[in-house]
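This report refers to the structure that appears directly beneath it.
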Amino acid sequence: MSTPKSFADLQRHMTQKLRAADCDMAALDARLLLSHISGLNETQLALEAETPIPLGLDSAARTVTSQRAAGRPVAKIIGHKEFWGRRFQVSQAVLDPRPDSETLIEAALPLLPEAQDLQLIDLGTGSGCLLMTLLAERPMARGLGIDKSPAALHMARRNAHLLGLRARIALRHGDWLRGIKRTADMIVANPPYIERGQIDRLDKAVRLFDPRVALDGGGDGLGPYRCLIKPSFARLKSGGHLLLEIGAGQAEAVSELMTEAGFDNIEVKQDLAGRDRILQGQKSSRKIKKGFEK
Ligand SMILES: C[S@@+](CC[C@H](N)C(=O)[O-])C[C@H]1O[C@@H](n2cnc3c(N)ncnc32)[C@H](O)[C@@H]1O
């Protein structure tokens with residue numbers, strides 16, 4: 001293959017290499033990587049298609065293309081990922097925000113009135129994509145993000161700063177809700193939910209590049225739900241909601257845990273691919289009057 005001379009040539013060349021390495025979205029990945037190394041956005045790349053590439057760009061392209069071909073996700077190469085229209089910085093310490101998790105945002109926003117002071121808690125905040133999106137969409141809300149990983153919290157703090165949310169967010173190191181006294185109108189969580197024995201079978205982009213602490217849900221994948229559902233019920237205000245991301249085949253078991261904890265109005269929401277993705281439940285005031293809350 002001849003040495004690429006123009007941006008269009010280089011992009012084609014990168015796409016072919018990624019396709020040969022079985023990358024599902026070779027063309028998109030090549031565009032994102034080229035945009036990153038050239039500093040040109042997608043529109044500029046289209047306008048500069050026939051412009052000769054600057055010195056050194058070819059070698060930078062070879063580096064990022066080989067990283068992607070070896071399985072490293074694009075977000076981990078370029079250091080950021082879009083989520084609900086905002087940019088989140090990512091590192092080896094956090095799960096890349098996933099489009100599937102936007103289903104949680106879609107389910108949560110109608111439950112959060114705009115002109116109200118609301119308290120939100122995000123368990124296992126990682127990059128902070130869930131909590132920070134909700135706070136950005138609800139300017140009167142305040143939030144607490146908790147994570148067991150100090151390195152993930154470092155990334156979350158950076159994102160809170162870049163998104164201008166530091167005044168409305170607290171980020172704490174912790175184990176789910178242990179030791180947390182504050183109450184909330186909504187608790188959200190996308191906990192690790194992969195069965196431990198399945199982790200080695202995951203796609204290498206996940207298995208090798210997402211932190212294990214973000215994936216490992218214990219023997220049956222449900223360990224974190226067992227730890228956090230009951231304490232969430234206790235910390236929610238009357239009428240408050242719990243929204244949980246779940247993995248394939250977990251809707252029934254997690255919904256049972258929510259029922260046992262006292263939640264009402266339990267609903268499952270599907271992602272764009274039609275898979276059960278979110279479980280939501282409410283702590284209804286009726287239950288509190290009946291004395292469920294101790
Ligand atoms: C699947 S990731 C979700 C990250 C982010 N909320 C998102 O949706 O992209 C799960 C997160 O839970 C955190 N985590 C795992 N065990 C935890 C625990 N016991 N207490 C608090 N956070 C925990 C991990 O460090 C990781 O950041």
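The values are calculated or read from the model by the stated rules, or taken from the named source; none is laboratory data. Computed from a predicted structure; not experimentally measured. Glycine also receives a Cβ, built like all others from the backbone with ideal geometry; neighbour counts cover every protein chain displayed.
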Within the range 133-162, the residues that are free of Cβ contacts under 8 Å to residues at least 60 places away in the same chain, more than 13 Å from the ligand (Cβ to nearest atom) and either assigned to a helix (DSSP H, G or I) or surrounded by fewer than 22 Cβ atoms within 10 Å (Cβ to Cβ) (or both) are L135, A136, E137, P139, M140, R142, R157, A160, H161
Within the range 32-79, residues among the small types (G, A, S), closer than 22 Å to L202 by Cβ and surrounded by 17 or more Cβ atoms within 10 Å (Cβ to Cβ) come out as A69, G71, A75
Would a scan of the range 31-41 turn up a residue that is under 23 Å from L163 (Cα atoms) and touching an Asp or Glu at 6+ places or on another chain (Cβ under 7 Å)?
-> yes
Where residues in the range 91-106 are buried (at least 20 other Cβ atoms within 10 Å of the Cβ), under 25 Å from K269 (Cβ atoms) and among the aliphatic types (A, V, I, L, M), which of them is nearest to the ligand (Cβ to nearest atom)?
-> L95
Do we have any residue at all in the range 80-90 that's farther than 18 Å from P191 by Cα and among the aromatic types (F, W, Y)?
-> yes
Kindly indicate whether A20 is surrounded by 16 or more Cβ atoms within 10 Å (Cβ to Cβ), small (G, A, S) and either assigned by TED's automatic domain parsing to the domain that holds R157 or on the phi < 0 side of the Ramachandran plot (or both).
-> no
Strands (runs of 3 or more DSSP E) wholly inside the range 163-256 containing at least 2 residues that are within 13 Å of the ligand (Cβ to nearest atom) and crowded, with 19+ Cβ neighbours inside 10 Å = 184-189, 236-245
